[in-house]
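Values in this text are rule-based calculations from the coordinates and carry no lab data. Quantities reported herein were computed from a predicted structural model and do not represent experimental measurements. Glycine gets a Cβ as well: all are built from the backbone with ideal geometry, and neighbour counts include every protein chain shown.
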């Protein structure tokens, strides 16, 4: 499989995962069908859009890559519609106390995080970025950009700033992926191990409630 086909496969997996997580957050926050779909699409494609915006990655006549590759927004749309349709029939589920929701959201969000680490790094490399630090930056931006926009749209502080070592998992995965590929290792091996590392960190952080220290003011509970 050539690198473009590989990037397509990984990109689709990440788009599906983030589309699901965005739609679930929309349903949790009681958005209507339109809101759920919009949130799902933005979560699935927002990181790529921000990455392309900063990269100045245009194709054709002033088209962002994320729009030129129209299947990604379409996949995000389709996944969001499917999630909403499924939840319409099991809408009695108590979201606040549902173990099913929490585990489903955690797993798909972790998979999206891990796959977009790879997508962001490879996309930056394909546009001639050579600095490892800059590649890592675009890798992490692709991971967290969509989730940041998702949280902002539902009036929440982005999860990367407040909960369970979210961005750190992406940074660790990005650093590992960039430097392991410098050894010439097979792209499938480097990618699968990267996804495994990111998913493992996210799940362990959520399970053990790993967080960075916070300052608790006297007037705060």
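Structure data summary
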quantity: Protection proxy ranking, peptides 151-158, 169-176, 16-23, average beta carbon neighbours within 10 Å, highest first; calculated: 16-23, 169-176, 151-158
quantity: Ellipticity estimate at 222 nm from DSSP helix runs (n ≥ 4, -39,500 (n - 2.57)) divided over the chain, nearest 500; calculated: -25000 deg cm²/dmol
quantity: Ascending count of other beta-carbon atoms within 10 Å, so fewest first, for 194, 104; calculated: 104, 194
quantity: Label assignment, Rg and Dmax of the Cα atoms in Å derived from the structure, set [x] 16.4, 49; [y] 20.2, 67; [z] 17.4, 58; calculated: [z]
